[in-house]
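*Asks:* First, the structure itself, so that you have it in front of you.
The values are calculated or read from the model by the stated rules, or taken from the named source; none is laboratory data. Only a predicted model underlies this, so the values are computations on that prediction, with no experimental measurement involved. Note that we place each Cβ from the backbone using ideal geometry, even for glycine, and neighbour counts take in every protein chain shown. Only protein heavy atoms, including side chains, enter the accessible area calculation; ligands, DNA and RNA are left aside. Shrake-Rupley method; radii C 1.70, N 1.55, O 1.52, S 1.80 Å.
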Amino acid sequence: MTLDLGRLRVEILGMSGLSAGDVDQWQAIQASNPSFQSPLLGVEFARAVAAERDDVYVAVYRRAGVAVGFLAHHRRPGGFGRPIGSPFSDYHALLSVADLGVSGPEAIRMAGLKAFRHNGLIDPYGLFAGMAKGQHTYLIELPDTPEVFLETVRASSPKKFKNYRRLQNRMAEEGALRMGPDRSQAAYEQIMGWKSGQFTRTGVQDVLKPDWARRLMQSLFETNEGRMRGLLLTLYAGDVLVGGHFGVMAAGVFHPWIAATNPELAGLSPGQAFLDQAIRAMPVLGIRVYDLGPGHDHYKKPFASTEREVGVGLTVVTGAVGTLPRFREGVWSLGGLDRVGAVSRIRRRLDHIAAVDPSPAGRARGLLEAARSIRKRLTSVEAKA
């Protein structure tokens, strides 16, 4: 589909429809701004997702025949757009030159979408002015050696890190600690299994359950060359697997989604031991930026050198075509309900269910699991009362 709207000519393409020139321009735009450095914004990640889902499109914005912007997205029924790779899209962006010439909402409209859900918007040029921020993400960048960085981190919370060191020494009694990249399928499956078990225990929807998600993760794990590759880092104490991080890496930026540790070692703070050892290994591994992403502030924040806010919310286009999404959003906001804790959590949960598995069966399964989780939590609260 091609739209010619004067200032820009917009094409809606499948990933296979991009020309070699388009790919080169995508990569050039991404490299032009440090804010776009995440591998999740790369054409390789979009291609990997497109190989597993049939609802992946990219709006290509052209001026005088040259691509000046790209919006990779999932195109859902009713003209609703989601970031590419949802729910693994901790970051997404309208990847563009600085002078695109239109606002973000206008670009969404030009792409033929009625609304677009943002859950980690990177917007260095302010195209989505007024988009709410509040979701914090955490990154580790070493200004000096790992040892100097870790000493600085320890100085900020000496008692806490003294305890971490004590527990790490106890862990090392199992055997010498060793951290590194791991191509073992058995280790990969163990980390994924631990993560799914964590989802079950905590009542959180298992994002690894849908077939497309499992295929995507496996495909990325098997990708060990090219501009973007899958990377599994594991920590062992002797022969005992302590934990691992799995994600993607490109241009020295590592973004893990899956962080899981051995539940039998839970009393030894294995997550903190993992990050300590991972930071020490960053130069050897060629990791320039260790992007921990959003959430779990208590675990990530103490180790982060950089903290940033990303955009969250819903862009609804102006005009009649945006009326229904705007009405739905307004219902949640009526009387301030979107700011009420319980209601807000339910709203996020429903949106998360829709992103994890867009099929009708998947959504029904997600709702059933959510109901079971709520029942389980209520039972637990009653038992403690």
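*Asks:* Size of region 1-108 along its principal axes in angstrom, Cα-based, largest extent first?
*Replies:* Largest to smallest, the principal-axis extents are 33, 33, 26 Å.
*Asks:* Can you tell which of L142, G79, V56 lies farthest toward the positive end of the dipole of region 27-162, using +1 and -1 charges on the Cβ of basic and acidic side chains (Lys, Arg; Asp, Glu)?
*Replies:* The Cα lying farthest towards the positive end belongs to G79.
*Asks:* Take every Cα pair under 8 Å in region 39-129 that's 6+ residues apart, average their separations, divide by the length, and report that relative contact order as a whole percent. It would help to have the intermediate numbers written out before the result.
*Replies:* On the way: 133 pairs, mean separation 23.3, N = 91.
This gives 26 percent for region 39-129.
*Asks:* Using the Karplus curve 6.51 cos²θ - 1.76 cosθ + 1.60 with θ = phi - 60°, work out ³J(HN,Hα) for each residue of region 291-302 in order, rounded to whole Hz, and write x for Gly and Pro.
*Replies:* Ordered by residue, 3J(HN,Hα) equals 8, 7, x, x, x, 6, 3, 4, 8, 8, 4, x Hz.
*Asks:* Something else: If you average the alpha carbon positions of region 230-260 and of region 21-62, how far apart do those two centres end up, in angstrom?
*Replies:* The distance from the Cα centre of region 230-260 to that of region 21-62 comes to 24 Å.
*Asks:* Moving on to the next point. Rank by packing, highest mean first: peptides 217-226, 96-105, with packing defined as the count of other Cβ atoms within 10 Å averaged across residues. Can you show the working numbers first?
*Replies:* Working: 217-226: 14.8, 96-105: 17.3.
Going from most to least packed, we get 96-105, 217-226.
*Asks:* Provide the per residue accessible area, probe 1.4 Å, for region 1-155, rounded to a whole number of square angstrom.
*Replies:* Values: 5910 Å² over 155 residues.
Using a 1.4 Å probe on heavy atoms only, each residue of region 1-155 averages 38 Å².
*Asks:* In whole percent, how big is the carbon plus sulfur part of the accessible area of region 36-127, probe 1.4 Å, protein atoms only? Write down the numbers at each step before the final one.
*Replies:* Numbers: 1290 of 2560 Å².
Here it works out to 50 percent.
*Asks:* Given charges of +1 on the Cβ of Lys and Arg and -1 on the Cβ of Asp and Glu, with all other atoms neutral, how large is the dipole of region 41-166 about its Cα centre, in debye to the nearest 20? Present the calculation step by step, with values, prior to reporting the outcome.
*Replies:* Working: 17 positive and 12 negative charges, 108 e Å.
That gives region 41-166 a dipole magnitude of about 520 debye.
*Asks:* Give the long-range amide H neighbours of L177: residues separated by 5 or more places, or on another chain, with amide H under 5 Å away, using H modelled in the peptide plane at 1.01 Å from N.
*Replies:* G238
*Asks:* Going through region 5-107, which trypsin sites (Lys or Arg not before Pro) have at most 13 other Cβ atoms within 10 Å and a DSSP loop state? Spell out each step's value before the answer.
*Replies:* On the way: sites: R7, R9, R47, R53, R62, R63, R75; in loops: R7, R53.
Here the sparse-neighbourhood loop sites are R7.
*Asks:* Further, regarding this structure: Sequence gap at least 6, Cα distance under 8 Å: using those rules, report the relative contact order of region 169-245 to the nearest whole percent. Provide the component values of the computation, followed by the final result.
*Replies:* On the way: 77 pairs, mean separation 36.0, N = 77.
Relative contact order for region 169-245 comes out at 47 percent.
*Asks:* Next question. Let me know the shape class of region 56-192, please: from the alpha-carbon gyration tensor, a ≥ b ≥ c as square roots of the eigenvalues, rounded when a/c is under 1.5, otherwise prolate if a/b is greater than b/c, or oblate. The partial results should precede the final answer.
*Replies:* Numbers: a/c = 2.87, a/b = 2.10, b/c = 1.37.
Verdict is prolate for region 56-192.
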